[in-house]
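Chemist: Structure below; questions to follow.
The values are calculated or read from the model by the stated rules, or taken from the named source; none is laboratory data. Everything numeric here is computed off the predicted structure, so don't read it as measured data. Neighbour counts run over all protein chains shown; Cβ positions are idealised from the backbone, glycine included.
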């Protein structure tokens, strides 16, 4: 797949920054190069995946981006790691899409209900996911 995804905190008047270590721990088994802000990943077989992640080099972060996420079938562990980050943080995953389907998801229904009204107005209510496979399915439905 060739698109960008963004994981970010967006509640109004709340500092939802989270420990960068949560992202590091989730993706640690797949990190090939984590120099600076950009990370490159490999799959469980050690094959380099052309997935680029931009993660600020700070102890606490409010977002990170992913360029060219892998197909679920070829690298499900990536999607499970992404879900793990969503599960542990007050973040929303946003991606490009068309039509009436959500172009974002969260792992916590209570957090979804706290999103700013202007986010819901522009993006729609995010899908609530409970696994990496469900993230992939939500992206697939969004066109």
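Chemist: Among all residue pairs at least 6 apart or on different chains, which show Cβ distances below 9 Å where the first residue, located in segment 51-74, is touching a residue at least 40 places away in the same chain (Cβ under 8 Å) and at positive phi and the second is surrounded by fewer than 12 Cβ atoms within 10 Å (Cβ to Cβ) and not in a strand (DSSP E or B)?
Modeler: Sorted first by the residue in segment 51-74, then by its partner, the pairs are 68/2.
Chemist: Continuing with this model, one more query. Taking the residues in segment 43-59 that are surrounded by 12 or more Cβ atoms within 10 Å (Cβ to Cβ) and farther than 19 Å from residue 2 by Cβ as candidates, determine which candidate is farthest from the chain's Cα centre (by Cα).
Modeler: Filtering segment 43-59 for residues that are surrounded by 12 or more Cβ atoms within 10 Å (Cβ to Cβ) and farther than 19 Å from residue 2 by Cβ, the one farthest from the chain's Cα centre (by Cα) comes out as 56.
Chemist: Further question on the same structure: Answer yes or no as to whether residue 113 is surrounded by fewer than 19 Cβ atoms within 10 Å (Cβ to Cβ), modelled with pLDDT of 85 or more and over 20 Å from residue 139 (Cα atoms).
Modeler: Considered against the rule, which asks whether it is surrounded by fewer than 19 Cβ atoms within 10 Å (Cβ to Cβ), modelled with pLDDT of 85 or more and over 20 Å from residue 139 (Cα atoms), residue 113 comes out as yes.
Chemist: Now for a separate question. Do we have any residue at all in segment 126-135 that's free of Cβ contacts under 8 Å to residues at least 60 places away in the same chain, touching a helix residue (DSSP H, G or I) at 6+ places or on another chain (Cβ under 6 Å), part of a helix (DSSP H, G or I) and on the phi < 0 side of the Ramachandran plot?
Modeler: Yes: one or more hits.
Chemist: Please enumerate the residues belonging to segment 89-107 that are at pLDDT 90 or above and farther than 24 Å from residue 75 by Cα.
Modeler: Selection gives 90 alone.
Chemist: I want to confirm something. Restricting to segment 83-93 and keeping residues that are in contact with a helix residue (DSSP H, G or I) (Cβ under 6 Å, 6 or more places away or on another chain) and in a helix (DSSP H, G or I), which single residue is farthest from residue 22 (Cα to Cα)?
Modeler: Among those residues, the one meeting the criterion is 83.
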